[in-house]
Amino acid sequence: MTAPRPAFERPPPDLVPGNVERGRTVFFAGGCASCHASPGQPDRLRLGGGFALASPYGTFRVPNISPDRQAGIGAWSVTDLANALLSGVSPDNAHYYPAFPYSSYTGMTLEDVRDLYAFLQSLEPVSERSKPHELALPFRIRRFVGFWKLLFFRPRHVEDARAGQTVSDRGRYLVEVLGHCAECHSTHNAFGAVKPSTRFAGGANVDGVGFVPNITPQRLASWSVEDIAEMLKSGKTPDHGQIGWSMADVVENTAELSQDDRLAIASYLKSLPPKDTPKP
């Protein structure tokens, strides 16, 4: 019941590298650099990992996803990347911890996986290896993640937060899948999974420090679609403020998207049902 279940056996003949330029869009829409870029340097395409993610379960160390064949994912196939993103399963058939947001990425199209693979393989290899995770004893046993998946992971399925429908249009896809916005802008339960009733309504940060804002129309009622798109491009808010904290890093990603994509994200957020922010 708790065994890893990769989406694809190796090697499906149709899973071949895609288009590098389209993969660049997938890369920035997915926020890959926010976690996987080597800390302490400005190059967002130097993907040596090592970033420390604090959590109630211990500290996760983000892996190297550069095309280095030893320290990174240079030896991976497209199938390996697809299984990681869509199933949360590693090339050696182990569960990934859900600190890696595959519960959102599972809704990715295979075309986007292929394109992302092509883009990642086009970057410079980085030879640094990430340190191992520093987790409390029960959480070091990856097979236990299989129980988490039984409860909270629905492979290849992401719902529209407005009506429980399958994600289909561009704005929904960018917010619900690639952007995995709900992973931060929601409250999580004791197992680290998003509480559906709080989806996009904000709450306590998952690392236990501070709070993330409500991004439903309850909080953004006075923001127009154009206001949200501008914030995603420049970080400027309609009240002449400037986005800060971790969202500033997100804006560095969304600034690389097309204006059409930013407007699609904004339109979807404005269509969400208003929700009150959960109390601490």
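All of the numbers you see were taken from the coordinates with simple rules; none came from a lab. These numbers were taken from a predicted model, which means no experiment stands behind them. In this analysis, Cβ positions are derived from the backbone assuming ideal geometry, glycine residues included, and neighbour counts consider all displayed protein chains.
Cα-based radius of gyration for the chain, normalised by 2.2 N^0.38 Å, reads 0.97. Taking a straight line from the alpha carbon of Lys195, these lysines sit under 30 Å away, with near neighbours fewer than eight places off in the same chain left out: Lys149, Lys233, Lys236, Lys270, Lys275, Lys279.
Among Glu176, Glu124, Glu9, what is the fewest-to-most ranking by other Cβ atoms within 10 Å? Could the numbers behind the result be given before it?
Working: Glu176 21, Glu124 12, Glu9 8.
By the 10 Å Cβ count, ascending, the order reads Glu9, Glu124, Glu176.
Using the 10 angstrom Cβ neighbour count as an exposure proxy, how do Ser122, Ser130 rank, fewest first?
Ser122, Ser130
Label-to-label distance, Ser122 versus Leu110, with points set 7 angstrom from Cα along the beta-carbon direction: 2.2 nm.
Exposure proxy for Leu110, Leu232: other Cβ atoms within 10 Å of each Cβ, ordered fewest to most, give Leu110, Leu232.
Across the range 1-145, counting alpha-carbon atoms alone, Rg and Dmax equal 14.7, 43 Å.
Work out, step by step, the length gained on full extension between Ala54 and Ala248: first 0.36 nm times the residue separation, then minus their alpha carbon distance; give nm to one decimal.
Details: separation 194, 0.36 × 194 = 69.84 nm, distance 1.89 nm.
Answer, rounded to one decimal: 68.0 nm.
Expressed in Å, the radius of gyration and Dmax of the Cα atoms of the range 229-268 are 9.6, 25. Please give the residues of the range 104-132, grouped as numeric ranges, whose backbone N is less than 19 Å from a label point set 7 Å along the Cα-to-Cβ vector of His157. Residues passing the 19 Å test: 104-110. Think of it as helices only: each DSSP H run of n ≥ 4 in the chain is worth -39500 (n - 2.57), and spread over all residues that comes to -8500 deg cm²/dmol at 222 nm.
Across the range 158-271, counting alpha-carbon atoms alone, Rg and Dmax equal 13.5, 38 Å. Each label was represented as a point 7 Å from its Cα along the Cα-to-Cβ direction; for Asp169 and Ala3 these points are 4.2 nm apart.
A simple count of charges around Ala229, restricted to other residues whose Cβ falls under 15 Å of its Cβ and scoring Lys, Arg +1 and Asp, Glu -1, yields -1. The stretch between Phe191 and Ala221, if pulled fully straight at 0.36 nm per residue, gains 7.6 nm over its current Cα-Cα span. As a ratio to 2.2 N^0.38 Å, the alpha-carbon radius of gyration for the range 59-180 is 1.12.
Taking amide H positions as modeled 1.01 Å from N, with prolines and chain starts lacking one, the residues under 5 Å from Leu135 and 5 or more places away or on another chain are Thr59.
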